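Quick notes on the structure that follows.
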Amino acid sequence: MSAQFIAEQLLHGLGYGLMLFLMAAGLTLVFGIMDTLNLSHGSLFMLGAYLSATVHQYTDSFVTSIVVAIVGTIAVAALLEAALIRRLYSASHLVQVVATMGVIYVADDLVMMIWGEAPVMASTPAELGGPIYLMADWPYPAYRFLVLGAGLSVAALLYFLVNHSRLGMLVRAGASDRQMAELMGLRVKRIFMLVFAMGAALAGLAGSLMGPITAVQVGMGESIMIPALAVIVIGGIGSIRGALIAAVLVGVVEALGKAFGPYLLTTWFSAATTADVLPAVTSMLMFVLMIAVLMFKPRGLFPAHG
Amino acid sequence: MDTDSAKSVASIWIGCVLLGFLVGLPWLTNLLDAHYYLDLVRRTLILSIAASSLNLLVGYGGMVALGHAGFMGVGAYTVAALTHAGFNSGWWLFGTATVVSAFFAAVIGAIALRTRAVHFIMLTLACGQLLYYVGVSLRIYGSDDGYNLPAPLDLGFGLTTGDNAAFYWLVLGAALAIFAAIFHLIDSRFGIALRAVKDNEVRMTALGYPVQKIRLRTFILAGALAGLSGAFLIAHNNFVTPGVMHWTQSANFIAMLVLGGLGYRWGGVVGVVVWLFLEEFLRQITTHWHWPLGLILIAIVLIAPRGLCSLIPSTLRSRNHG
């Protein structure tokens, strides 16, 4: 196992972690401010992936496809917020889980009716098809590099927006104590709609970027929702900083699990057993991480509520 | 005679007719050659056991667990493992599955109950998914493809779980006994304490009640009953896959429960019956049968957030809690 291999796995993990962060950022703010658990956030991710895959196929322009995906996702999210989510703010978590499960059912079936059951091929843009050389003898897929770069710049932008702008200050005030913020004259609901739309945009962006790396298929929203929820719980609900750290942590832990798992497992198990249990074990790591963090910090690493 | 007692007499009559119908169902389906419906009712009963145990946990205990299907899987895989090892007595297998599930629930409950609210939801979800992935990695029991029972389980007296009517009556008897036990429990001292803990944990702690212990015991009981339901389910299908433990299954149970009515005695059962009926009905008319279910869930939550049972006039239903 070379150092290059490990570095490559770490970069993969970082890229995945940043995509998780894009998902978790909106989720954690919605949760932090309005105490609303929205399981259908993953459906917006799926929508972004399908929209960009289709637009890319027809226009052959990667940039257009991403813009359309983001705008489309925001439009659907605005509709969803006005029709349903708005009515769930004061409901219990349980009711929120059930209602947004209902949204997942509807969204999955609609996507299946429009795009069919078979996974849609999302192609990498032609200019980014080849590798780029990080070092003379170290090629890395250019597209993954783009994902990494996009993830890092959006994270930096978001960090600046939340921590150093007036809007961000209002958002943080809402997340740490909504009632107090309202009493001070802050229109929390209006801020929240903005946050919800922003979260949707990020989910759409993540979906369209992840499309060419993973399969664009029904159910992709549910499978990213669980890691994203784990990230916001590990990071502490309502905290952007916590979400970023937790997302990178989850991404890197999974990558390391994939890299070192085979070597560690073969010391205990036979090669055949290792092959059987490896995928399951790497999927378990995230949950083990979450359980371990909650054991010592029951409210996550950086909870936003005082 | 006043109208209240007249109505309670009416509900006793309804109960008796329903019971008679359920007991006599195998003869009826035999007569009409409609074996499929016996199968459907048996599956409904099996899932009702799990849903009722979840109702105890969520509706009466206020513990929103999103990993309950995991315990069904533990029960089912216990049966699979013991059958694989050569045991074949249904009674022993069902009993062992219940005990093993109780053990798992004790461990998971001890971990998850250290937290509250959404963190509890996420911890139970995490534990359920861990169980799911254990199931996926068990090659000896078929990994993703699942495990086929080599033969129906032996029930003694020359009967097996392959005898449709005999196994149906066994499930019916078990389900009725479990419902009765749960109803008895929620009106007992323990049940009253449990509901009080849900309403006001701080006060119950101040009054000296062992709040954590009450919660953990409820969690173990609910897990054990879900395990028994899982054991019945593998005997019913002769088959199990790790899919029964996936978090979406747990979420479905929560959805059925909210549909039926959380914290109502028959909430779990009503939810399962309506859900399975809708599923059967919608499947027959369209291949895309998920979205109407989704819309129904959303509608229920917006129109009657306390579930279908809350729509029944209160004089006709037995006392509700919640």
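Below, the figures for the structure above:
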read-out: Helix-derived mean residue ellipticity, 222 nm - over chain B, DSSP H n ≥ 4, -39500 (n - 2.57), to 500; value: -24000 deg cm²/dmol
read-out: Net dipole in debye of segment B:135-239 [+1 Lys, Arg Cβ; -1 Asp, Glu Cβ; about Cα centre; nearest 20]; value: 620 debye
read-out: Pair residue A:241, residue A:82: separation of 7 Å Cα→Cβ label points (nm); value: 3.7 nm
read-out: Cα-based shape type of segment B:172-287, given that a ≥ b ≥ c are square roots of the gyration tensor eigenvalues and the cut on a/c is 1.5; value: prolate
read-out: Label-point separation in nm, residue B:187 to residue B:88, each point 7 Å along Cα→Cβ; value: 4.4 nm
read-out: Cα extents of segment A:3-296 along the three principal axes, largest first (Å); value: 60, 51, 37
read-out: Whole-Å distance, taken between Cα centres, linking segment B:139-164 and segment A:194-234; value: 40 Å
read-out: Proximal charge balance of residue A:36 [Cβ under 13 Å; K/R count +1, D/E count -1]; value: +2
read-out: Under 12 Å from the Cα of residue A:258 - aspartates and glutamates, other chains or at least 8 residues apart; value: A:8
read-out: Residue B:279 paired with residue A:269, simple spin-label distance in nm, labels 7 Å along Cα-to-beta-carbon; value: 3.0 nm
read-out: Highest-fluctuation residue, A:130, A:221, A:185 considered, GNM on chain A with Cα pairs under 10 Å; value: A:185
read-out: Residue-averaged [θ]222 nm for chain A, counting only DSSP H segments that reach four residues, each worth -39500 (n - 2.57); value: -25500 deg cm²/dmol
read-out: Cβ-defined net charge surrounding residue B:138, 15 Å radius [Lys, Arg +1; Asp, Glu -1]; value: -2
read-out: Along each principal axis, Cα extent of the protein assembly as shown, largest first, Å; value: 83, 63, 53
read-out: About the Cα centre, charge dipole magnitude for segment A:3-296 (Lys/Arg +1, Asp/Glu -1 at Cβ), debye; value: 960 debye
read-out: Computed over chain A: relative contact order in percent, which uses C-alpha pairs under 8 Å that are six or more apart; value: 35 percent
read-out: Debye, to nearest 20: dipole size of the protein assembly as shown, +1 on Lys, Arg Cβ, -1 on Asp, Glu Cβ; value: 2080 debye
read-out: Normalised contact order of chain B, rounded percent, pairs of Cα under 8 Å and 6 or more residues apart; value: 31 percent
read-out: Whether segment B:10-311 is rounded, prolate or oblate, judged on the alpha carbon gyration tensor where a/c under 1.5 counts as rounded; value: rounded
read-out: Highest-fluctuation residue, A:115, A:138, A:268 considered, GNM on chain A with Cα pairs under 10 Å; value: A:268
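Readers should treat all values here as calculations from the given coordinates under stated rules, not as data from a laboratory. What you are looking at is a predicted structure, and each value in this text was computed from that prediction instead of being measured. All Cβ positions, glycine included, derive from the backbone under ideal geometry; neighbour counts span all protein chains shown.
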